[in-house]
1. Within the range 27-67, restricting attention to residues that are in contact with a strand residue (DSSP E or B) (Cβ under 7 Å, 6 or more places away or on another chain) and aromatic (Phe, Trp, Tyr), which residue is farthest from residue 2 (Cα to Cα)?
2. Considering only the chain, give the strands (runs of 3 or more DSSP E) lying wholly within it that have at least 1 residues that are of a type in the set (Phe, Trp, Tyr) and open to solvent by 80 Å² or more (accessible area, probe 1.4 Å).
3. Is it true that some residue in the range 52-71 is among the acidic types (Asp, Glu) and farther than 24 Å from residue 12 by Cα?
Amino acid sequence: MKYFYEYKYKNGRKVCGHNLETIEFFDNCIRLSGVDIIPTSYDYEEQHWRTILDMNEIEHLTIRPMLEKEK
């Protein structure tokens, strides 16, 4: 299952995204990672990404499941 995420820094800046697959919790940070499927001229390309959030810098984090398309 993939997730939609949104977080807000204490300075007011908001960040949101989708295709979140893995959430890992550490002492004072959270690591979010996933893969985006990008259409190309010939096929699709996978772009893996990873973001590390410092808990001292963010005000809130919201994670919701993405709706899966029925086949």
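The values are calculated or read from the model by the stated rules, or taken from the named source; none is laboratory data. Quick caveat: nothing in here was measured; it's all calculated off a predicted structure. Quick reminder, even Gly has a Cβ in these numbers, built from the backbone with ideal geometry, and neighbours come from all protein chains shown. Protein only, heavy atoms only, side chains kept; ligands, DNA and RNA dropped before computing areas. Shrake-Rupley method; radii C 1.70, N 1.55, O 1.52, S 1.80 Å.
1. Among residues in the range 27-67 that are in contact with a strand residue (DSSP E or B) (Cβ under 7 Å, 6 or more places away or on another chain) and aromatic (Phe, Trp, Tyr), the one farthest from residue 2 (Cα to Cα) is 44.
2. On the way: elements: 3-9, 14-25, 29-39, 44-54, 58-65.
The qualifying strands (runs of 3 or more DSSP E) are 14-25, 44-54.
3. The first filter runs over the range 52-71 and keeps only residues among the acidic types (Asp, Glu), leaving 54, 57, 59, 68, 70.
Among the residues that remain, those that are also farther than 24 Å from residue 12 by Cα are: 68, 70.
Checked against the condition, which is being among the acidic types (Asp, Glu) and farther than 24 Å from residue 12 by Cα, the range 52-71 yields at least one hit.
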